[in-house]
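Visitor: Right, I'll just put the structure down here and ask away after.
The values are calculated or read from the model by the stated rules, or taken from the named source; none is laboratory data. Everything quoted here is computed from the prediction, not taken from an experiment. No Cβ is skipped: glycine too gets one built from the backbone with ideal geometry, and neighbour counts run over all protein chains shown. SASA here: full protein model, heavy atoms, side chains in, ligands and nucleic acids out. Shrake-Rupley method; radii C 1.70, N 1.55, O 1.52, S 1.80 Å.
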Amino acid sequence: MELINKDRLWKTINDLADITIENQPWTRRSFTAKYNQGREWLMSEMSEIGLEVKKDEGANVIGRLIGTEPNLPPIVIGSHTDTVPNGGRFDGIAGVLVGLEIVKSLVEHNIAIKHTIEIVDFTAEEPSEYGLSTVGSRAWSGNLTKEMLTYTNSDGQSLSAAITFAGGDPNNLFKCKKEKGTIALYLELHIEQGPVLLRNNANLGVVAGIVGIQRYKISVDGLPNHAGTTPMDMRNDALTAAAEMTLALEKAANGEFEQPVVGTVGVFNNFPNASNVVPGKVEFAVEIRSISEEVIEKVANDFLENVDSIAGDRNVNVQIENISRSSSIVVNDEIKQLLQNSCRKVTDSVIELPSGAGHDANQMSLLAPVGMIFIPCKDGRSHCPEEWAEKEDLYLGAKAMLNAVLEFSK
Ligand code: HGY
Ligand code: MN
Ligand code: MN
Ligand code: MN
């Protein structure tokens, strides 16, 4: 009997993806009115099929389908509905909406399972304007610290105020913190956001591990001055110093290591950013990722040493803020086997692969066994308007995910 409704699932992807800010494709940044609107839509979809729906203190949206043995710890199926700027239509929402389709199909076919199923849209999985990512799943794992709540955006608004705007209650985060063992299993379907499935002609991927991510915010203070009258040997140019630090990160990440590593500067703000002013201040964001914790350490230490020496040579001040560190995870064999078996029931082209993208699963691995299923994305691209996944692959992924839930909870 066909349980997953392919067309209904595909329609929800387009319904939610179309809730995007005008003149910017597929953008629903966390802590914005458009983001809240998208979550209102999701909560109405959940209520319509009779789920218990709520937003917790971390502003996480949770829809619960109660199992026949309600005392068992729940199965959580989650991901996120926020996007990067100029994002795509599948990153995050594919996982939330596959979860929604799974409970819709169980309700529709009167299939009751032992475990309660929680469908969760975790708040602000993407690095937000406050610099932090996986905000909602950090609230569950206990890794959303009081200091992080004071992080501000360029308007000086705090993350705490933003969580309140999203419907959370940051002064009572302890209420949504979970203890290890109170969740039976965490499952997440996601687009791969890379080329490996395509290169291997695979329909589905079982994630073997997920990278850890070290994030810094670097502030370089030089001396703003007139661009016409300040001789080159009398400048404390914050931008050229920050540019040399950026190249130092690239050089450090290009070293030879036992595991792949990447280093990126994706945010680079120059002040006052005028063509005739020697830049006085630059703030830039750094992230270093690897499946190996020690490789992250090596690259981070190399980079930070260079930052200090460049600042000295160029006579600028530098401030380094350690924004966050998420640990890499290895998926346990039992869960990998469960997902392999579940995927092979719907297709024989399944491979195992690591994830170079971070996910809420990083935080959830501190609370429960986690498993992820990847579906291919066009040209392996993501975090761009061209991001695309095929309806058939999404459908196969949803069927595999449902197989895993039924198998785990039988
Ligand atoms: O940045 C990431 O790895 C994910 O797409 N949030
Ligand atoms: Mn993303
Ligand atoms: Mn994502
Ligand atoms: Mn002038």
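Visitor: Read through the list (1) surrounded by fewer than 19 Cβ atoms within 10 Å (Cβ to Cβ); (2) within 16 Å of ligand 3 (Cβ to nearest atom), then give the number of the only condition that Asn362 fails.
Guide: So Asn362 meets the others, but not (1).
Visitor: Still on this model: Might you let me know whether segment 205-214 holds any residue that is within 15 Å of ligand 1 (Cβ to nearest atom), open to solvent by less than 40 Å² (accessible area, probe 1.4 Å), at pLDDT 95 or above and over 30 Å from Trp388 (Cβ atoms)?
Guide: Restricting attention to segment 205-214, the residues satisfying the condition of being within 15 Å of ligand 1 (Cβ to nearest atom) are 207, 209-214.
Narrowing further to those that are open to solvent by less than 40 Å² (accessible area, probe 1.4 Å): 207, 209-214.
Narrowing the set further to residues that are at pLDDT 95 or above leaves 207, 209-214.
Next, only the ones that are over 30 Å from Trp388 (Cβ atoms) stay: 214.
Yes: segment 205-214 contains one or more residues that are within 15 Å of ligand 1 (Cβ to nearest atom), open to solvent by less than 40 Å² (accessible area, probe 1.4 Å), at pLDDT 95 or above and over 30 Å from Trp388 (Cβ atoms).
Visitor: Here is a list: Ser324, Ser355. Which entry is within 16 Å of ligand 2 (Cβ to nearest atom), over 28 Å from Leu106 (Cβ atoms), open to solvent by less than 10 Å² (accessible area, probe 1.4 Å) and not acidic (Asp, Glu)? Reasoning before the result, please.
Guide: Values: Ser355 fails: over 28 Å from Leu106 (Cβ atoms).
None of the others qualify; the one that does is Ser324.
Visitor: To continue, here is another question. From the list Ile21, Ile93, which one is within 16 Å of ligand 1 (Cβ to nearest atom) and in contact with a helix residue (DSSP H, G or I) (Cβ under 7 Å, 6 or more places away or on another chain)?
Guide: Details: Ile21 fails: within 16 Å of ligand 1 (Cβ to nearest atom).
Residue meeting the stated conditions: Ile93.
Visitor: Follow-up. If a residue must be of a type in the set (Gly, Ala, Ser), more than 26 Å from the chain's Cα centre (by Cα) and away from ligand 4 (no atom under 16 Å from the Cβ), how many such residues does segment 208-247 contain? Lay out the reasoning, then the answer.
Guide: Filtering segment 208-247 down to residues of a type in the set (Gly, Ala, Ser) leaves 208-209, 212, 219, 222, 227-228, 238, 241-243.
Among the residues that remain, those that are also more than 26 Å from the chain's Cα centre (by Cα) are: 222, 227-228, 238, 241-243.
With the extra rule that they be away from ligand 4 (no atom under 16 Å from the Cβ), the set shrinks to 222, 238, 241-243.
Residues meeting the conditions: 5.
Visitor: Separate question: Consider segment 341-377. How many of its residues are more than 16 Å from ligand 1 (Cβ to nearest atom) and part of a helix (DSSP H, G or I)?
Guide: Summing the residues that are more than 16 Å from ligand 1 (Cβ to nearest atom) and part of a helix (DSSP H, G or I) in segment 341-377 gives 4.
Visitor: Would you pick out the residues in segment 57-66 that are assigned to a loop (DSSP other than H, G, I, E, B) and open to solvent by 10 Å² or more (accessible area, probe 1.4 Å)?
Guide: Those that are assigned to a loop (DSSP other than H, G, I, E, B) and open to solvent by 10 Å² or more (accessible area, probe 1.4 Å): Glu57, Ile66.
Visitor: Now, a different point. Give the residues of segment 329-342 that are within 27 Å of Val262 (Cβ to Cβ) and either touching a Pro at 6+ places or on another chain (Cβ under 9 Å) or open to solvent by less than 10 Å² (accessible area, probe 1.4 Å) (or both), sorted by residue number.
Guide: Val331, Asn332, Ile335, Leu339
Visitor: Among (1) open to solvent by 20 Å² or more (accessible area, probe 1.4 Å); (2) touching a Cys at 6+ places or on another chain (Cβ under 7 Å), where does Ile191 come up short?
Guide: Failed condition: (1).
Visitor: Sticking with this one: Anything in segment 71-96 that is surrounded by fewer than 24 Cβ atoms within 10 Å (Cβ to Cβ) and more than 15 Å from the chain's Cα centre (by Cα)? List them, or say none.
Guide: Scanning segment 71-96 gives Asn71, Leu72, Pro73, Pro74, Asn86.
Visitor: Which members of segment 1-48 meet the condition of being assigned to a helix (DSSP H, G or I), hydrophobic (A, V, I, L, M, F, W, C) and farther than 20 Å from His383 by Cβ?
Guide: In the first step, residues of segment 1-48 are kept if they are assigned to a helix (DSSP H, G or I); the result is 6-17, 33-48.
Still in the list and also hydrophobic (A, V, I, L, M, F, W, C): 9-10, 13, 16-17, 33, 41-43, 46.
Residues satisfying the conditions are Leu9, Trp10, Ala33, Trp41, Leu42, Met43, Met46.
Visitor: Out of the strands (runs of 3 or more DSSP E) lying entirely within segment 188-297, which hold 3 or more residues that are within 16 Å of ligand 2 (Cβ to nearest atom) and of a type in the set (Val, Ile, Thr)?
Guide: Of the strands (runs of 3 or more DSSP E) lying wholly inside segment 188-297, those with at least 3 residues that are within 16 Å of ligand 2 (Cβ to nearest atom) and of a type in the set (Val, Ile, Thr) span 261-271.
Visitor: Right, something else. Give the residue that is nearest to the chain's Cα centre (by Cα), with candidates limited to residues of segment 100-144 that are more than 21 Å from Ser160 (Cα to Cα) and hydroxyl-bearing (Ser, Thr, Tyr).
Guide: As a first pass, look at segment 100-144 and keep what is more than 21 Å from Ser160 (Cα to Cα): 100-119.
Going one step further and asking which of them are hydroxyl-bearing (Ser, Thr, Tyr), we end up with 105, 116.
Numbers: Ser105: 27, Thr116: 25 Å.
Within segment 100-144, the match that is nearest to the chain's Cα centre (by Cα) is Thr116.
Visitor: I've got another one for you. Whether any residue in segment 303-321 is under 25 Å from Met245 (Cα atoms), under 25 Å from the mean Cα position of the chain (by Cα), assigned to a strand (DSSP E or B) and away from ligand 4 (no atom under 16 Å from the Cβ) is what I want to check.
Guide: Yes, some residue in segment 303-321 is under 25 Å from Met245 (Cα atoms), under 25 Å from the mean Cα position of the chain (by Cα), assigned to a strand (DSSP E or B) and away from ligand 4 (no atom under 16 Å from the Cβ).
Visitor: Restricted to segment 9-39, and to residues that are under 17 Å from Gly95 (Cα atoms) and surrounded by fewer than 14 Cβ atoms within 10 Å (Cβ to Cβ), which residue is farthest from the chain's Cα centre (by Cα)?
Guide: Looking at the filtered set, the residue picked out is Lys11.
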